[in-house]
1. Mind telling me which of the residues Ile271, Ile296 ends up being open to solvent by less than 10 Å² (accessible area, probe 1.4 Å), within 27 Å of Phe422 (Cβ to Cβ) and touching a Cys at 6+ places or on another chain (Cβ under 9 Å)?
2. Return the residue satisfying two criteria in turn: it lies in the range 306-351 and is in a loop (DSSP other than H, G, I, E, B) and basic (Lys, Arg), and of such residues it is nearest to the ligand (Cβ to nearest atom).
3. Every residue in the range 59-112 that is under 30 Å from the mean Cα position of the chain (by Cα) and assigned to a strand (DSSP E or B), please.
4. Have a look at Thr394, Thr464, Thr380, Thr446 and point out the one that is on the phi < 0 side of the Ramachandran plot, part of a loop (DSSP other than H, G, I, E, B) and at pLDDT 95 or above.
5. Of the numbered conditions (1) open to solvent by 50 Å² or more (accessible area, probe 1.4 Å); (2) under 19 Å from His393 (Cβ atoms), Ser529 satisfies every one except a single condition; which is it?
6. Any residue in the range 322-335 that's more than 16 Å from Thr348 (Cα to Cα): show its pairings with residues that are more than 10 Å from the ligand (Cβ to nearest atom) and at pLDDT 95 or above at Cβ separation under 6 Å, as long as the two are six or more apart or on different chains.
7. Checking the condition part of a helix (DSSP H, G or I), over 21 Å from Lys241 (Cβ atoms) and either without any contact (Cβ under 8 Å) to a residue 12 or more places away in the chain or touching a strand residue (DSSP E or B) at 6+ places or on another chain (Cβ under 6 Å) (or both), which residue from Asp420, Asp433 passes?
8. Could you list, ordered by first residue, the pairs with Cβ atoms under 9 Å in which the first is in the range 371-383 and more than 13 Å from Met805 (Cβ to Cβ) and the second is among the hydroxyl-bearing types (Ser, Thr, Tyr) and within 13 Å of the ligand (Cβ to nearest atom), at least 6 apart or interchain?
Amino acid sequence: MKEIEAIYLKDYKKPLYCIKDVTLVFDIFDEYTVVKNTMNIIKEDQESNELALDSIDLELLTLKLDGVELESSRYSYEDEKLTIKDTPQTFTLYIENKIYPNENTELEGLYNSGDIICTQNEPEGFRRITPYLDRPDVMSVFTTTVIADREKYPVLLSNGNKRQCHDSFDNRHGVTWHDPHPKPAYLFAVVAGDLGVVEDSFVTMSKQEVALNIYCDKGNESKCTHAMHSLKSAMKWDEEKYQREYDLEYYNIVAVDSFNMGAMENKGLNIFNSHYVLADETTATDANFMGIESVIAHEYFHNWTGNRITCRDWFQLTLKEGLTVYRDQTFSADMNSEAIQRISDVKTLKERQFVEDASPTSHPIQPKSYISMNNFYTATVYEKGAEVIRMIHTLIGELNFFNAMQLYFDKFDGMAVTVDEFLWAMQEASGHDLTAFKLWYDQSGTPTLKVEESYEDGVYRLNTKQIVPLNVEKEEQKPYYYPLKIALFDEITYECVVEEMLIISKESEEFVFKGLKNGVVLSINRDFSAPIIVKQKDPKYRFLMMHDTNSFVRYESAQAYALEVLELLLAGKDIPREYKEAYGYLLDLDGDLSYKALLLELPTVTAMMQNREDIDVQKLISARERLEKELVLEYREKIIQLYETHHQPKNSEIDASSMAQRAIKNRALKLLGCLETQEISQIAYKQYEESLTMTDKVVALEVLENISQELSQKAFSDFYERYSNDTLVMNKYFALLASSKRDGVLQRVEQLENDEVFDIKVPNLVRSLIGTFARNEKYFHATDGSGYKYLAKKIIEVDKINAQMASSLAGAFKIYKKLNSKSQKLMKVELECVVSTQSISKNLFEIVDKILNK
Ligand SMILES: [Zn+2]
């Protein structure tokens, strides 16, 4: 497998040819599709005579240059390149080729999702449709005609505006779409199917009317209301916040069941995993509703940050993704609660990105090389990328950031650019020198800031020292430049006496604050102003979780305090009385119930694994279980009361206060679940039966599944009966059972693979059952190695169907080097088995090879 070659950022060269415009015809038949591709091409580099088009597994039918059929000596087709020799300066190339969408299980290029034919072309799927210069810096104007059976495929869609409908007598029909905005091939899309539609419209700030359509399986139309509402909110927000207006007559969204990712921002024709479109209160949880709002907005915001201004090459992915994630996070904060949004964004970052950053697959937000680009759609590029944009915003301020974004839009509209152009705009409009800041794009790993404090006669000194980890190549890295928001609280009056944004720029620094009346308590990295780990000698978590005015620091302190206590338990000590009291204090808090639900949450096992080596997973799980149980026994009455006060089974509204009530009472129910008593399982069963919302049902099932085999079976078979026709809901069914804490879960997961609803070709189902099992720490890390063995076996099986899915499942092994030697040994056997499998995909090879060898 060693001949698999990496691609390097430093090797970037401009394209030798450009494609001025391209006209495509898709002739769709049951067994195959014929693609007719006419490109007007201009030679850009006079030295060059050979045009090499990217082309994977295509059956060529015809090849004509300026209307003349090409002789076989004029072209070659090997190593995924169709090369045309001796090209003139400008010419028209006509290619006809055949593809087989119903055999395409990789879900890249043109493929079937059930009865729908659709595309996924980012990053390099278009080369599986027709030969092309499949790179983001080749931007072209596309005109696309889709022709298919009228009955089977009444809906025919592509990018841009609808131009013409064609009829023919043989039961076939066609539609031509024209997209006036030049775009790279990865934003190209086609959809054909017999779909239901929900129609609406939006009038832009310059009074242009846009037709909004959401297409879905027939019968699901009523589940598109929330997605449509979210789309209109996003369109309005982008006009108000960034002055960005939509630019086509149509904005179409199609929901499909088989999709590798969440959604794809194809120009004017977004294709979505149905998970991020369809929802009503009886089939979707509150978290699903939030997820839909955020992903719909994310894809919409790409129209400017990604589509109008795109990436020069795939090493620039964070240019569009980091920025667009930042935009969708701030949108969700504006639509809902800023505090809760921030806490949940940071939580995701720490659980996914910090873990990645501490693993052999750690990479900068702008990677320097890759084998399979599919492996770089990572939490680092997306979530850490968004944190980097947020830091720029914090450093230069709201107004400067707005002006810099306007400059970026004005200057680079219609171009394929790099992160340097973005940073240039930020710097030019703000006057803030970002040279030192750029290291955030080039270095990997999570930096630590070590903090020491001293106080004497009204003078407080804060000494900071940056500890920057080596990168995966074991090279040294430089100190960073970033904003650090802090506050000081008077330790006697609890008053906030200093609030400042410091700039950390050197390895070691000292910040001095004078004129203080009393000793102070430091509140550091407020709002998580930088994606770093803070190490403090004697942090006052208890004080901060009770008195800090920054909701983020309060939450973080509650988590950190619990982690400290968990360390004590791991060292064989008891839970300190003060901690129990502090937790009791949180239980008594008034105010925002959603926030309180977060404060009461105990750290996850993943959070416990951070900054640890030689991990014994089972020990961590036991410590956490013990902490939870002791707290719940101590405050049982209060928690039951919390549940009873806020449990309103008949309320199915999706507004902030109803969602907050569900959040707090479900937190209470989950906590009570650890008691594993008859009484609690009765409460959970009652909730399952009575509640109208999916949110309540899912939590009830989770609690039941962990406690009571009998009631769990009863509830789950009822659930199955009700929802077995709804694959989206069945994803929850599989996930709940795969995350069970009861013995024998692996056997049950294996049995569920044979369930008639399960289909290993559908990524959502694989993620729900196998992916969830891989996150079930207790059984994935089973001491007999059975969890590792099972996952490895499944990865090999899935790799033959869908390489992208397989490499994403393999991510569960990233923790390898941090485990104790016993677990490492067990995991190693399985990883070696995967990597030595014949004809393993390059996606999977890249991940597993890194895990084993870095
Ligand atoms: Zn995106």
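1. Ile271
2. Looking at residues that are in a loop (DSSP other than H, G, I, E, B) and basic (Lys, Arg), I get Arg308.
3. Gly109, Leu110, Tyr111, Asn112 - these are the residues of the range 59-112 that are under 30 Å from the mean Cα position of the chain (by Cα) and assigned to a strand (DSSP E or B).
4. None of the others qualify; the one that does is Thr446.
5. (1)
6. From the range 322-335, the pairs are Leu323/Ile389; Phe331/Trp237; Phe331/Ala297.
7. Of Asp420, Asp433, the one residue that is part of a helix (DSSP H, G or I), over 21 Å from Lys241 (Cβ atoms) and either without any contact (Cβ under 8 Å) to a residue 12 or more places away in the chain or touching a strand residue (DSSP E or B) at 6+ places or on another chain (Cβ under 6 Å) (or both) is Asp420.
8. Thr380/Thr318; Val381/Thr318; Tyr382/Thr318; Tyr382/Thr324
The values are calculated or read from the model by the stated rules, or taken from the named source; none is laboratory data. Here the structure is a predicted model, which means the values were calculated and not measured. Note that we place each Cβ from the backbone using ideal geometry, even for glycine, and neighbour counts take in every protein chain shown. SASA here: full protein model, heavy atoms, side chains in, ligands and nucleic acids out. Shrake-Rupley method; radii C 1.70, N 1.55, O 1.52, S 1.80 Å.
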